[in-house]
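In what follows, a structure is listed as structure tokens, so that the remarks can point back to it.
The values are calculated or read from the model by the stated rules, or taken from the named source; none is laboratory data. Not measured: the values here are computed from a predicted model. Cβ coordinates were reconstructed from backbone atoms using ideal geometry, including for glycine residues, and neighbour counts include every protein chain displayed.
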Amino acid sequence: MASSSGQEKTEKATPKKLRDARRKGQVPKSADFNAALCLLAGALYFYLARGSISQQAYKLLSHYFDNYITHPPTTGRLIDILTGTLADAFGLMAPLFIVLVLIAAASNVSQFGFLFAPQAVKPKLSKLNPIEGLKKIFSTRTLFELVKSILKITLVGAVVFAVAKARYGRMLNLFYGPPQYLFHQALEALLAVLLWGGIAYLVIGIIDLIYQRYAFQKQMRMTKQEVKDEYKQTEGDPQIKQWLKRRQRELLMNLVQKEVPEATVVVTNPTHYAVALRYKAEEGDTAPVVVAKGADHMAQKIKQIAEKHNVPIQENKEVARFLYHNVDIGQEIPPELYQAVAEILAAVYRMNKQH
């Protein structure tokens, strides 16, 4: 699929685009997968409670017809009978409703996790665009939905036909048996339809779920330019970042060239780190101060400038590493390094006296 700029959407969606889509309620989901699980849950409920449901349904209908026949069919009385019967029927089916709600919620969570997306219910004028509507009509997704609908009708019809054919003889005998037998056989037939229909429907639901995820990933694809633009928005323009790094190096180099010649000593790792210290009590320094520091290439620059200006260089791996990682430029060294730095400065003073 080509973008408006003519570029192909060949790149996978970035985490940011997926997060933005999720906030809008755009997630891969299959309504058929949810319906299939609910159908199987209903079949399992009927299977486990079929004896109780059959007895309660028989008593409920018997109570209804007894009241209707034995009492005058006045309007008020009929309303009372219907209201009571509906209340009893709701009580009978309430556990099934609760099971279906829980299964539907669990199915959605299993597909895309917990999701709260108020933006998904906001009205959008773009949905009224007739051109976009025509595009949706003549699309791969519409063709898939058509094939899926035909497959659902065919499978459900085949299941109902197979169950009816297998129970043809018993269905004819229903008219000659007692009412309890009628309820039992009707429930058994309903259970068979729900069970086998649910299994067939679940197969369709799994196929639909796989397709919905594939279609969603395809829909979320981005062009190379979109990936670059998003990177600029989130991470900043690479050219600006390079300029900032270059500018930081220039400022650091200027600082090094200015401060290192005035330093008292440069402490090295010896190759990876270099830290320039200044301690001039006559100028008001109460403790040695870090005036410049660097790693690798910058450390070599500091040492070169120190050698050029005859600034003593002392090797002390522990002190150099600690100062580089823990003390900022312009800060005094911490008290725990007083003894170690004092020994370094004493060595420098002895070297100066010898010269």
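Results, tabulated for the structure shown:
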| read-out | value |
| --- | --- |
| Checklist (1) surrounded by fewer than 16 Cβ atoms within 10 Å (Cβ to Cβ); (2) modelled with pLDDT of 85 or more applied to LEU40, failing item | (1) |
| Lone unmet requirement of (1) in contact with a Gly (Cβ under 6 Å, 6 or more places away or on another chain); (2) of a type in the set (Val, Ile, Thr); (3) under 19 Å from ALA346 (Cβ atoms) for VAL275 | (1) |
| Any hit, region 330-351, residues being aliphatic (A, V, I, L, M), in contact with a Lys or Arg (Cβ under 9 Å, 6 or more places away or on another chain) and either surrounded by 15 or more Cβ atoms within 10 Å (Cβ to Cβ) or at positive phi (or both) | no |
| Within region 286-355, helices (runs of 4 or more DSSP H) holding 1 or more residues that are hydroxyl-bearing (Ser, Thr, Tyr) and in contact with a strand residue (DSSP E or B) (Cβ under 8 Å, 6 or more places away or on another chain) | 317-326 |
| Single residue of region 16-63 satisfying the filter (not in a helix (DSSP H, G or I) and not charged (D, E, K, R)) that is nearest to the chain's Cα centre (by Cα) | VAL27 |
| Enumeration of residues in region 269-285 that are of a type outside the set (Lys, Arg) and not in a strand (DSSP E or B) | ASN269, PRO270, THR271, HIS272, TYR279, ALA281, GLU282, GLU283, GLY284, ASP285 |
| Within region 293-318, tally of residues that are under 21 Å from ALA342 (Cβ atoms), surrounded by 20 or more Cβ atoms within 10 Å (Cβ to Cβ) and without any contact (Cβ under 8 Å) to a residue 40 or more places away in the chain | 1 |
| Residue in region 221-239 that is touching a His at 6+ places or on another chain (Cβ under 8 Å), assigned to a helix (DSSP H, G or I) and either modelled with pLDDT of 90 or more or surrounded by fewer than 16 Cβ atoms within 10 Å (Cβ to Cβ) (or both) present | no |
| Considering residues of region 1-15 that are of a type in the set (A, V, I, L, M, F, W, C) and part of a loop (DSSP other than H, G, I, E, B) only, the residue modelled with the highest pLDDT | ALA13 |
| Residue match in region 257-265 (condition: assigned to a loop (DSSP other than H, G, I, E, B) and in contact (Cβ under 8 Å) with a residue 40 or more places away in the chain) | yes |
| Residue identified as modelled with pLDDT of 85 or more, surrounded by 13 or more Cβ atoms within 10 Å (Cβ to Cβ), not assigned by TED's automatic domain parsing to the domain that holds ALA162 and not acidic (Asp, Glu) among GLN212, GLN257 | GLN257 |
| Subset of region 319-328 [out of contact with any helix residue (DSSP H, G or I) (no Cβ under 6 Å at 6 or more places or on another chain), within 19 Å of GLU259 (Cβ to Cβ) and crowded, with 16+ Cβ neighbours inside 10 Å] | ALA320, LEU323, TYR324, VAL327 |
